[in-house]
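See below for the structure under consideration.
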Amino acid sequence: QLEGNRSNLCAKMLHRITNLTVRDVRFPTSLQQHGSDAMHTDPDYSAAYVVIDTDCGLKGFGLTFTLGKGTEIVVRAVEALAGLLVGKSLQEIVSDFRGFYRLLTSDGQMRWLGPEKGVIHLATAAVLNAVWDLWARTEGKPLWKLLVDMDPKQIVSCVDFRYITDVLTEEEALDLLVKAQEGKQQREDQMMKEGYPAYTTSCAWLGYPDQQLQQLCADALKSGWTKFKVKVGADLEDDIRRCRLIRQMIGPDNTLMIDANQRWDVAEAISWVSRLAEFKPLWIEEPTSPDDILGHAAISKALAPLGIGVATGEQCHNRVMFKQFLQASALQFVQIDSCRLGSVNENLAVLLMAHKFQVPVCPHAGGVGLCELVQHLILFDYICVSGSLSDRMCEYVDHLHEHFASPAVIHDAHYVPPKDPGYSCEMLESSVQRHQYPEGDVWKLHINK
């Protein structure tokens, strides 16, 4: 009750952002080979973790995801952006959210470090994620519900359409959102009752031995999972063996996806995946450089007769790259990421473009905090944009949720819509302190070994 009263009080105030802190939080997941793939062999799931304070005591929490080394660089980039935020009122920001997004991404000097890509864009995502979290908390709603309850004009006003109007204008976006109002309440009710379909990547990291892989698959099947993703790309014969093993475990009717994490050249990708076609994968994810739009188009064209689609997007820099991927028919599954793109604002642009091109969105998650964040975006996509669950599912990885105040909840292989106000990425302070790099207890112990 007290928290609710404070939120109502804050909502009526022009509460001002007084401070931003950012910390380097790392988890030594490489010790158990969690997250290991053909390109990232020893990831330590990490985050640049942002907290913004206001003069009424309400806080906003945000993060961007990293793999360990280099998180300190993202932290410095966040600190460089902080001056554009501190001193502003939330009202000032959200009443012209497009303008604020552009302020962060178009600073006359810092823009040179991107523009809108790389470390500076990861930092932008962390800051904006915290702002969206603060806004949702101020309204007393989970972020997905804040978005769902917005008027289409307000949604559109949050999006920077610069560089994408040749594919999607503001007027077209508004029209798409207005048309999707039909049946919106039924879809929201459906999500509250059933949740959003998920797939698991937790069973088949590349570094896992066969016995572990089989045990995890068996456990997942018992828990109701029907969609599984396998990491491939290091060794062809090994991939054939592991895909055969998993296909035998999950049976012919369950869904299998494969993920090469950017390992191959274009011709190599076509040849390698053709050898794995017997296992009937729905898609090959990140078959080549994430920047090679025409390469993905060539792979898509070559694999289409085999019934295998191409999925990519977790390392896609910005809305402009997604625009070109869609224009070139270079992907059959769009994988948005809540921390690689410029937060909710830029993800809204991609969701709208994907809908115009009728390409399903299947978000990238996993990592630390990514499941917590992206569940909100995909709920909004179904309820207010696409209105479809055909060929759609959201990734889930069963790691590190215990470190969050409002962890993602899975029931019967579906994401249960979050009910707590905010964007679900507030970490437990005890976890942050223990895992802060390099001074946290976990790292003192680990480094001293």
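The values are calculated or read from the model by the stated rules, or taken from the named source; none is laboratory data. Small disclaimer: the values here were computed from a predicted structure and weren't measured. So basically every Cβ, Gly included, is an ideal-geometry build from the backbone, and we count neighbours across all protein chains shown. These accessible areas exclude ligands, DNA and RNA; they are computed on the full protein's heavy atoms, side chains included. Shrake-Rupley method; radii C 1.70, N 1.55, O 1.52, S 1.80 Å.
Against the condition closer than 23 Å to ARG392 by Cβ and either among the charged types (D, E, K, R) or under 23 Å from the mean Cα position of the chain (by Cα) (or both), how does LEU256 come out, does it pass? Yes; evaluated as a whole, the condition is true for this residue. Could you give me the residue pairs with C-beta distances under 6 Å whose first residue belongs to the range 433-446 and is in contact (Cβ under 8 Å) with a residue 24 or more places away in the chain and over 19 Å from VAL51 (Cα atoms), whose second residue is in a helix (DSSP H, G or I) and not charged (D, E, K, R) wherever it lies, and which are 6+ apart or on separate chains? Hits for this filter: VAL442/HIS435. Across the range 382-402, the qualifying residues are those that are over 13 Å from the mean Cα position of the chain (by Cα) and either of a type in the set (Asp, Glu) or under 16 Å from LYS227 (Cβ atoms) (or both), and the one among them that is most open to solvent (accessible area, probe 1.4 Å) is GLU402. Please determine whether any residue of the range 96-105 is of a type in the set (Val, Ile, Thr) and farther than 22 Å from LYS323 by Cα. Within the range 96-105, none of the residues are of a type in the set (Val, Ile, Thr) and farther than 22 Å from LYS323 by Cα. Remark: pairs (first residue in the range 180-192, outside any helix (DSSP H, G or I); second residue hydroxyl-bearing (Ser, Thr, Tyr); Cβ separation under 9 Å; 6+ apart in sequence or on different chains) = ALA180/SER386.
Conditions tested, residue by residue: (1) open to solvent by 10 Å² or more (accessible area, probe 1.4 Å); (2) in contact (Cβ under 8 Å) with a residue 60 or more places away in the chain; (3) over 21 Å from LYS229 (Cβ atoms); (4) part of a strand (DSSP E or B).
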position	(1), (2), (3), (4)
MET39	yes, yes, no, no
ASP53	yes, no, yes, yes
CYS56	yes, no, yes, no
GLY62	no, yes, yes, yes
GLU72	yes, yes, yes, no
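Scanning the range 224-243 for residues that are in a loop (DSSP other than H, G, I, E, B), modelled with pLDDT of 95 or more and surrounded by fewer than 16 Cβ atoms within 10 Å (Cβ to Cβ) returns a single hit, GLY224. Out of all the residues in the range 361-378, is one or more modelled with pLDDT of 95 or more, open to solvent by 10 Å² or more (accessible area, probe 1.4 Å) and over 12 Å from the mean Cα position of the chain (by Cα)? No: the range 361-378 contains no residue that is modelled with pLDDT of 95 or more, open to solvent by 10 Å² or more (accessible area, probe 1.4 Å) and over 12 Å from the mean Cα position of the chain (by Cα).
Here GLY87 fits the description: loosely packed, with under 15 Cβ neighbours inside 10 Å and in contact (Cβ under 8 Å) with a residue 40 or more places away in the chain. Given the structure, is THR288 on the phi < 0 side of the Ramachandran plot, among the polar types (S, T, N, Q) and crowded, with 22+ Cβ neighbours inside 10 Å? So THR288 passes the test. Among the residues of this structure, VAL273 counts as one that is among the β-branched types (Val, Ile, Thr) and either assigned to a helix (DSSP H, G or I) or open to solvent by 10 Å² or more (accessible area, probe 1.4 Å) (or both). The set of residues in the range 403-417 that are assigned to a loop (DSSP other than H, G, I, E, B) and open to solvent by 20 Å² or more (accessible area, probe 1.4 Å) comprises ALA405, SER406, PRO407, VAL409, ASP412, VAL416.
Before we move on, is LEU326 within 20 Å of the chain's Cα centre (by Cα) and outside any helix (DSSP H, G or I)? Taking the combined requirement at face value, the residue does not satisfy it. Taking the conditions (1) touching a Phe, Trp or Tyr at 6+ places or on another chain (Cβ under 8 Å); (2) under 30 Å from LEU176 (Cα atoms); (3) in contact (Cβ under 8 Å) with a residue 60 or more places away in the chain; (4) not charged (D, E, K, R) in turn, VAL385 satisfies each one other than (1).
What number of residues within the range 156-210 satisfy the criterion of being charged (D, E, K, R), under 23 Å from the mean Cα position of the chain (by Cα) and more than 27 Å from GLU372 (Cβ to Cβ)?
1
Checked against (1) among the aliphatic types (A, V, I, L, M); (2) in contact with a strand residue (DSSP E or B) (Cβ under 8 Å, 6 or more places away or on another chain); (3) open to solvent by 10 Å² or more (accessible area, probe 1.4 Å); (4) under 21 Å from PRO115 (Cα atoms), MET321 passes all but a single condition, namely (2). All told, ALA298 meets the bar of being open to solvent by 40 Å² or more (accessible area, probe 1.4 Å), more than 19 Å from TYR199 (Cβ to Cβ) and not in a loop (DSSP other than H, G, I, E, B). Of the residues making up the range 89-116, those that are more than 22 Å from the chain's Cα centre (by Cα) and over 19 Å from THR18 (Cα atoms) are ASP96, GLY99, SER106, ASP107, GLY108, GLN109, MET110, ARG111, TRP112, LEU113.
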